[in-house]
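Worksheet for the structure shown next.
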Amino acid sequence: MTTLKASEEGLVKIKQARREKGSTIEDPRWLVEASKILEPDRPWTEAGPYADGLSLPTWRRFLAGREPIKAHAFRAFCTVLQLNWEEIVDRPPLASPYQGGVGGVRDFCQQSIDSLVQEIRQQCHSKIQQLYSKMQLLDIAQPVDVSNLYVEVNILEEITSWQPGEIRDLVRDFNPDADNFNRLGLGKVCQKRVPGLDAVKSHSKLMVLGQPGSGKTTFLKHIAIQCDRAKFEANKIPIFIPLKTFAEIANFDLLEYISDEFASCGVEARSKTEFALSQGRGLILLDGLDEVPESYSDAVVKQIRQFVRKYYNNQFIITCRIAASKYRFHDEAFTSVEVADFNNKQIAAFARNWFVAFSQNMEAGQTLASQFVEKLKMNKNQQIRELAVTPILLNLTCLVFQAKADFPSNRSKLYEEGLEIMLRKWDETRGIQRDEVYRNLNFSRKQHLLAFVAAITFEHGDYFFEKNTVQQLIADYLAQKC
């Protein structure tokens, strides 16, 4: 008898439908509804017995998605959950249409998809480890292992910048005359944080948004390394693509880019790449959509959309700055999430990893990390603590602390260095060119622009203002100075 089960992507859709049903998911009425689909002319009650092949254990196996059930039951359950069974069923691998011989490539039509995936993974292993297992920190000479410094990322499933809010809500209880008023933490996020890997497991297409230096690229590298080391999605091929590089060296053809990457590792036939992707075995990590030069951005976005639609059954993660998140890929069913600021536990974990990595021995590093965390908790260091909630600025804070095992008495120097990182070093080290209108703004002029905005708003007592207000002030400055 024919049996069916859900694909990995189908299982995601079942889980989403299951969450929508909530606690009623075990209610026998769903079995009654499924029975009515199979035998519409027969009267049914929740007491059962139900139609052939339907039972509570079968319903549970369907929801779990790991075991096949009778085909007619599978289709009925999909209808009950308002799912198209043809879109979620796990289909057996198709015979490859690529017959082989060109250039002496052997015919792999009979080769199973699993063995092909493992072959590609093995051949690409060395390149992935060499390119993505290291990270370069600002103002640190030597690269460090991602695994030595990485702290598990938390995700916000509601984008904070998209949530409506009123300025009067921010002004309430705000006292600028107090020395300890909450500066960077004014918009404290109260929503639930989800571990990053859990979000990846729950969504086959994910758009990860975040501020510069929030850890988006490191998160993708971590996923690539974990996949490559068979600790995550061991049956898929990790494909890390810096979109800025793709835009500059490729003919806006992701399949060609991926094929060339595989070929550099010894995967001889492009047809192997196409076959693996056609079977949904790619874990495709597209990093830095906002870093694509403006002149290429439309072409790159168009190519991503076309590629996602053609190879829809692969897993995709795209990273992008929140400020550049106009590319939301709604038509391609991407779920947008935001990288959360570090909480106290993550700050402590990062500090421990950082000081151990950059100290001469583990014991000394752990001691310095403990001192760092304890001093950061002090009330007098509240403003520094509010600064150190993203990896890039926490790295800066650790770097400053390492020299004297203390924070500077003149905090403005730390803020000044942080400002320089965000305005100059970040883009320079990554070779990023922003929009044309800002090209003539060097670091000192950007500082002057911010001072211009700050002076006007401060004089009017406007500690909070609408986006269009600051946009107009910037436009006024550019008209006068550029």
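Quick notes on this one:
- Any hit, segment 274-287, residues being among the aromatic types (Phe, Trp, Tyr) and either under 15 Å from PHE307 (Cα atoms) or crowded, with 23+ Cβ neighbours inside 10 Å (or both): yes
- Residue check, ALA364 in contact with a strand residue (DSSP E or B) (Cβ under 8 Å, 6 or more places away or on another chain) and more than 17 Å from GLU416 (Cα to Cα): no
- Any chance VAL267 is part of a helix (DSSP H, G or I) and buried (at least 18 other Cβ atoms within 10 Å of the Cβ): no
- Taking segment 125-148 as the range and being at pLDDT 85 or above and of a type outside the set (Lys, Arg) as the test, the residues that pass are HIS125, SER126, ILE128, GLN129, GLN130, LEU131, TYR132, SER133.
- Single condition ARG385 does not satisfy, out of (1) among the charged types (D, E, K, R); (2) crowded, with 16+ Cβ neighbours inside 10 Å; (3) over 21 Å from ASN154 (Cβ atoms): (3)
- Among the residues of segment 398-410, those that are part of a helix (DSSP H, G or I) and more than 16 Å from LYS345 (Cα to Cα) comprise LEU399, VAL400, PHE401, GLN402, ALA403, LYS404.
- All positions within segment 293-322 that are outside any helix (DSSP H, G or I) and at pLDDT 90 or above: TYR311, TYR312, ASN313, ASN314, GLN315, PHE316, ILE317, ILE318, THR319, CYS320
- In segment 192-229, the residue that is surrounded by the fewest Cβ atoms within 10 Å (Cβ to Cβ) out of those that are within 17 Å of LYS127 (Cα to Cα) and among the aliphatic types (A, V, I, L, M) is ILE225.
- Among the candidates LEU255, LEU206, LEU220, residue that is touching a residue at least 40 places away in the same chain (Cβ under 8 Å), part of a helix (DSSP H, G or I) and touching a strand residue (DSSP E or B) at 6+ places or on another chain (Cβ under 8 Å): LEU220
- Any hit, segment 275-287, residues being part of a loop (DSSP other than H, G, I, E, B), assigned by TED's automatic domain parsing to the domain that holds GLU119 and more than 22 Å from GLN226 (Cα to Cα): no
- Filtered residues of segment 77-118 (kept if at pLDDT 85 or above and farther than 26 Å from SER55 by Cα): ILE113, ASP114, SER115, LEU116, VAL117, GLN118
- Residue in segment 237-244 that is β-branched (Val, Ile, Thr) and in a helix (DSSP H, G or I) present: no
- Scanning segment 19-55 for residues that are surrounded by fewer than 14 Cβ atoms within 10 Å (Cβ to Cβ) and part of a helix (DSSP H, G or I), we see that the one that is modelled with the lowest pLDDT is SER23.
The values are calculated or read from the model by the stated rules, or taken from the named source; none is laboratory data. This one's a predicted model, so the numbers in the text were calculated from it and none came from an experiment. Cβ atoms come from the backbone with ideal geometry, glycine included; neighbour counts cover every protein chain shown.
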